[in-house]
Structure formats: structure tokens, C-alpha cells
Amino acid sequence: MTESSTGVVVHLDEGEPAKHASVLRNLGNLLDTLGPQTRVELVVHGAGIDLLLEGSPHSEDVRGLQDRGLTVDACGNTLSSANIARERLLPGAVVVPSGVAHLVIRQREGWAYVRP
Amino acid sequence: MTESSTGVVVHLDEGEPAKHASVLRNLGNLLDTLGPQTRVELVVHGAGIDLLLEGSPHSEDVRGLQDRGLTVDACGNTLSSANIARERLLPGAVVVPSGVAHLVIRQREGWAYVRP
Amino acid sequence: MTESSTGVVVHLDEGEPAKHASVLRNLGNLLDTLGPQTRVELVVHGAGIDLLLEGSPHSEDVRGLQDRGLTVDACGNTLSSANIARERLLPGAVVVPSGVAHLVIRQREGWAYVRP
């Protein structure tokens with residue numbers, strides 16, 4: 001299997017904290033089951049962005065998953081349209097120009113897509 | 001990149017107007033970011049079908065996206081089971097036999113899939 | 001087309017009976033439209049698991065789809081964390097270690113992914 005096929009993007013655009021908790025559990029399961037050679041990337045846009053802001057009730061869980069290898073992407077379009085400064089993002093979050101476009105780009109690179 | 005890998009299907013089966021507005025914004029972002037060589041196709045079925053009917057509060061937005069290259073597909077199974085005449089669809093909407101099957105067919109052709 | 005590209009995984013993690021009914025209709029449409037050479041597999045985890053438990057209001061519909069070729073997978077992580085014995089699953093349901101990871105594995109095998 002080539003390097004390009006060893007990742008998965010997980011798509012979050014919903015704002016409910018219970019949904020966020022559930023998606024974080026899913027991410028933990030992916031990291032547990034797929035092993036360290038699989039990159040796992042969470043792409044957040046729209047109403048989901050609260051998960052990645054300072055003061056998120058799930059900030060410790062996000063950090064714990066990042067420590068296990070999770071990459072966390074915030075949508076630049078969402079930040080702009082909601083007037084959110086990048087400085088308010090949790091540490092380590094990456095800004096991609098467009099969350100939905102990034103989901104397409106990763107699939108073109110051979111990554112799987114999961115939308116919990 | 002071959003022609004077969006240059007598209008994305010966006011899946012909508014929810015009926016809430018706020019969801020429709022959000023999906024239309026996502027489609028605009030995809031068209032902005034991925035460029036004219038990427039085909040963008042919205043596949044609508046189930047409760048989502050209202051978006052594509054005459055009198056939809058989003059009909060102008062749909063037309064604006066179509067003018068920018070968006071293809072809009074309505075599920076023939078949904079039209080049949082809800083007894084909706086094709087004439088009630090917005091101009092330019094294409095009827096596919098089955099919305100869910102069309103999403104599979106496009107992925108087999110190498111297209112990416114996004115379900116906002 | 002190689003054998004590896006002839007399947008589709010359908011993802012269910014929501015608990016509402018109306019959602020379950022809708023997903024079962026989608027599965028019937030996939031079986032009708034894609035033909036017998038396409039494997040169709042439903043992967044259920046999280047709150048969706050009720051669909052696959054004894055006493056599910058949709059148990060007859062699930063059986064009817066299984067008779068037409070549908071494979072039904074239950075997430076082992078969900079069963080463990082919810083303390084559900086495998087014996088409570090509907091007949092023929094398969095337990096996979098992780099529902100979300102299984103969705104990734106199938107896509108790596110060339111299957112399409114649909115999340116209604």
C-alpha cells in the first residue's frame with residue numbers, strides 16, 4: 001500500500017457537544033484499531049468549529065488524541081465568516097483554506113472518508 | 001490526474017431549510033476552491049428534495065451555483081414515492097434513477113464524496 | 001471492474017426509528033439499482049445499534065434485506081461499551097471489532113461509502 005492510501009479524514013460540521021463527544025470517541029477507536037501507520041485527520045467546519053476553540057469542554061480530549069497522532073484541521077472559510085481569530089483555536093490546530101475542499105483533496109490522495 | 005478523478009458528489013437527504021442554506025454555502029466553497037476543472041454535483045433525495053422544487057426559498061442560490069458549474073441531481077425514486085411530477089423541479093435539475101446508487105456510481109468513477 | 005470495487009458500505013450511527021426506516025429504504029434502493037454483483041453492507045455503531053437488537057421495530061425489514069443479499073455489521077466497541085450481549089443481535093448480524101475502522105478498511109478495498 002502506498003503512503004497516499006494510509007489515511008482517513010473524519011468530517012465534523014455539527015455543533016452539539018454530545019455529537020462532539022461521540023466523534024472524539026470514534027477518533028479514539030480509529031487510532032486504536034488502524035494502528036500508527038494510518039494517519040487520522042479531523043476536519044472541522046461550520047457549526048462544528050466550537051470544538052476547536054479555547055474553552056471547548058472537550059479541549060483535554062482533543063489534546064489527548066493529538067498526543068496519540070490525531071491531526072486537527074479548522075476551516076479557514078468558517079473562521080473568516082464567523083470572525084474568529086486564529087489565536088482562539090486550540091494549540092496544534094491547523095487552518096486549511098476550505099474544510100469541504102480539504103475533504104476532497106485528501107480523498108484524491110487515496111484517503112478514506114468517514115462522516116459520523 | 002485523469003478526467004475520472006476530477007469530481008465530487010455532495011449528498012443531501014435532509015429537509016431543514018437551514019441545512020439547505022449550509023449545504024449551498026459548502027457548494028460555493030467547493031466551486032471557489034477546487035477550480036473549474038473539478039466537477040461538482042449535488043445529489044438530493046428523501047426529505048432533501050424540497051430544495052429542488054418550485055418555490056424553494058433557495059431557488060435563486062441554486063441557480064447562481066448552476067451558473068457557476070454546479071450540476072444538480074434529483075432522485076427518481078424519491079419523486080415517484082412522493083408523487084412529485086418532474087415538471088415541479090427547478091430548471092436544469094437532472095433526474096437520476098436512484099440518488100443513493102448515483103453516489104456509488106460516481107465514487108466508482110473516482111469522484112470524491114462529501115456528506116455535509 | 002475488479003472484485004475489490006464492487007461493494008458499498010452504508011454508515012448508520014443515529015438512533016431515531018424514522019432514520020432507521022429511511023436508511024432501510026436506501027438499502028433496498030441500492031440492492032434494486034446496483035444489481036447482484038455489488039455487495040451492500042450496513043455498518044451500525046453508536047446510537048444506531050438499536051436497529052440490530054431483538055425487538056427492533058424494523059427486524060422484519062432487516063431480514064428481508066438480508067434475504068436479498070445485505071450484510072449487516074454491528075460494532076464490537078459499541079456492544080462492549082453499552083454492555084450488550086452478542087446474543088441480543090438479530091440473526092445473521094456480524095460483529096466487527098470497530099464500526100468506524102471497518103468503514104475505512106472497506107474503502108481501502110475499493111468500496112464506495114454512503115452516509116445517509
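Odds and ends about this structure:
- The one condition from (1) part of a strand (DSSP E or B); (2) surrounded by fewer than 20 Cβ atoms within 10 Å (Cβ to Cβ) that residue C:9 does not meet is (2).
- Residues of segment B:11-24 classified as within 8 Å of another protein chain (Cβ to nearest Cβ) and within 18 Å of residue B:103 (Cα to Cα), total: 2
- Residues being within 14 Å of chain A (Cβ to nearest Cβ), assigned to a loop (DSSP other than H, G, I, E, B) and buried (at least 20 other Cβ atoms within 10 Å of the Cβ) are represented in segment B:67-75 by at least one member.
- Take the conditions (1) more than 15 Å from residue B:100 (Cβ to Cβ); (2) surrounded by fewer than 20 Cβ atoms within 10 Å (Cβ to Cβ); (3) modelled with pLDDT of 95 or more; residue C:33 misses just one of them, which is (1).
- Residue count for segment C:4-28, restricted to those that are within 27 Å of residue A:12 (Cα to Cα) and out of contact with any Gly (no Cβ under 7 Å at 6 or more places or on another chain): 16
Matching residues to (1) open to solvent by less than 10 Å² (accessible area, probe 1.4 Å); (2) at pLDDT 95 or above; (3) over 12 Å from the mean Cα position of the chain (by Cα); (4) farther than 27 Å from residue B:35 by Cα:
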residue: B:47; (1), (2), (3), (4): no, yes, yes, yes
residue: B:55; (1), (2), (3), (4): no, no, yes, yes
residue: B:77; (1), (2), (3), (4): no, yes, yes, yes
residue: B:80; (1), (2), (3), (4): no, yes, yes, yes
residue: B:98; (1), (2), (3), (4): yes, yes, yes, yes
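- Residue count for segment C:100-116, restricted to those that are on the phi > 0 side of the Ramachandran plot and within 14 Å of the chain's Cα centre (by Cα): 0
- The number of residues in segment A:9-33 being of a type in the set (Asp, Glu) and under 14 Å from residue A:113 (Cβ atoms) comes to 1.
- Hey, residue A:87 charged (D, E, K, R), over 11 Å from the mean Cα position of the chain (by Cα) and either on the phi > 0 side of the Ramachandran plot or at pLDDT below 95 (or both) or not: no
- Single residue of B:28, B:55 found to be in a loop (DSSP other than H, G, I, E, B) and among the small types (Gly, Ala, Ser): B:55
- Every test in (1) more than 14 Å from chain B (Cβ to nearest Cβ); (2) without any contact (Cβ under 8 Å) to a residue 60 or more places away in the chain; (3) open to solvent by less than 10 Å² (accessible area, probe 1.4 Å) is passed by residue C:27 save one, and that test is (1).
- The set of residues in segment B:77-116 being part of a loop (DSSP other than H, G, I, E, B) and more than 9 Å from every other protein chain (Cβ to nearest Cβ) consists of B:82, B:83, B:84, B:85, B:90, B:91, B:92, B:93, B:109.
- Residue in segment C:38-49 that is out of contact with any Asp or Glu (no Cβ under 8 Å at 6 or more places or on another chain) and more than 18 Å from residue C:115 (Cβ to Cβ) present: no
- Picking from residues in segment B:40-66 that are in contact with a helix residue (DSSP H, G or I) (Cβ under 9 Å, 6 or more places away or on another chain) and among the charged types (D, E, K, R), the one that is farthest from the other protein chains (Cβ to nearest Cβ) is B:54.
- Exclusive hit being of a type in the set (Val, Ile, Thr), touching a residue at least 40 places away in the same chain (Cβ under 8 Å) and within 26 Å of residue B:49 (Cα to Cα), set C:100, C:96, C:44: C:44
The values are calculated or read from the model by the stated rules, or taken from the named source; none is laboratory data. All values reported here derive from a predicted model rather than from experimental measurement. In this analysis, Cβ positions are derived from the backbone assuming ideal geometry, glycine residues included, and neighbour counts consider all displayed protein chains. These area figures cover heavy atoms from the full protein model, side chains too; ligands, DNA and RNA do not enter into them. Shrake-Rupley method; radii C 1.70, N 1.55, O 1.52, S 1.80 Å.
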